[in-house]
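Presented below is the structure to which this report refers.
The values are calculated or read from the model by the stated rules, or taken from the named source; none is laboratory data. Just so it is clear, the structure is predicted and the values come from calculations on it, not from any experiment. Heads up, the Cβs are rebuilt from the backbone with ideal geometry, glycines too, and the neighbour counts pull from every protein chain shown. Quick note on the areas: whole protein, heavy atoms, side chains included, nothing else; ligands and nucleic acids left out. Shrake-Rupley method; radii C 1.70, N 1.55, O 1.52, S 1.80 Å.
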Amino acid sequence: MHPSLKDTTDDSTGCHPPLKITIATVTYNAGSLIARTIASVEEQDYPFVEHLVIDGNSHDDTLTQIHHYQERNSIAAVQHEVRCLSEPDEGLYDAMNKALREATGDYILFLNAGDTLHSPQTLSAIARVAKQNKMPAVVYGDTDLYNLNGQFVRHRRLAPPPNLTWRSFKNGMLVCHQAFCARLTIARKHPYNLNYRFSADFDWCIRIMRQAARERASLVPVGDVVAHYLDDEGMTKKNHKASLSERFRIMSHHYGLVPTTLRHLWFIVRLKLKK
């Protein structure tokens, strides 16, 4: 039996079952990107991992690559659970809600096709921090941006604070979605809001943290980079204005219209002063 990693006891053995982490990857025709994400999960030295791929009925070689991944995993030195559900969906956040329903881990971390984990020890570090802090609501970390060639671009401009609360996101999304590992029992209470097309992850993180505050559950930093985020400039620019508009609505909902408006006015003034 693996050392105690969970706060509930298996009464039949008197031992604690191991803490399992679900990595959820949502795909649709992601054949050109999925290999790098698969490789980063495949190399994790932590054994209690479920890699859950929610595919939107891809027509390229995405599913073939996942099938080969499952074959390799069956004979790997460190075997993980690799599951794939492929069927039509209503878009990214609908697929993420499927992942919340299908996941079997104690924690869930969303890793998009093209994104990668920071190192082979990343999930071991998350599990260790979760154990040491008695199953916090969230274990979070930093994010670096990488390009399509797998080259480091820069550190993410917004950095996670050492003491994160749900009010921290008044200053923007300080923790990237791909570095926000949420306890599944809390995450399932708050599915993604499908009324948001581009920033439902921002809203989701705030609602998870608000729920954590209600339950007096902690938010704990892992103290390292968790994920390498794919810096796809074309997609970012395409949806940038729509995403900002949604984020304003989300912040107004959670923090109030007047405070949000005043804060954004200060952002504009500060930007002009820097010039």
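A few remarks follow.
- Residue that is nearest to the chain's Cα centre (by Cα) [pool: residues in the stretch 227-250 that are open to solvent by less than 50 Å² (accessible area, probe 1.4 Å) and modelled with pLDDT of 85 or more]: ALA227
- Yes/no for THR104 being touching a Lys or Arg at 6+ places or on another chain (Cβ under 9 Å) and in a strand (DSSP E or B): no
- Scan the stretch 75-107 for residues that are within 20 Å of GLU43 (Cβ to Cβ) and not acidic (Asp, Glu) and the total you get is 11.
- Subset of the stretch 66-81 (residues that are open to solvent by less than 50 Å² (accessible area, probe 1.4 Å), over 30 Å from TYR196 (Cβ atoms) and not hydroxyl-bearing (Ser, Thr, Tyr)): ASN73, ALA76, HIS80
- Test result for ALA113, in contact with a strand residue (DSSP E or B) (Cβ under 6 Å, 6 or more places away or on another chain), part of a helix (DSSP H, G or I), modelled with pLDDT of 95 or more and open to solvent by less than 60 Å² (accessible area, probe 1.4 Å): no
- The stretch 31-51, residues that are open to solvent by 10 Å² or more (accessible area, probe 1.4 Å), in contact (Cβ under 8 Å) with a residue 40 or more places away in the chain and in a helix (DSSP H, G or I): ARG36, ALA39
- Note on the stretch 118-150: among residues that are of a type in the set (Lys, Arg) and part of a helix (DSSP H, G or I), the one that is farthest from ILE34 (Cα to Cα) is LYS131.
- From the options ASP201, ASP224, residue that is touching a helix residue (DSSP H, G or I) at 6+ places or on another chain (Cβ under 7 Å), open to solvent by 40 Å² or more (accessible area, probe 1.4 Å), modelled with pLDDT of 95 or more and closer than 27 Å to ALA35 by Cα: ASP224
- The single condition among (1) on the phi > 0 side of the Ramachandran plot; (2) open to solvent by 40 Å² or more (accessible area, probe 1.4 Å) that ARG167 does not satisfy is (1).
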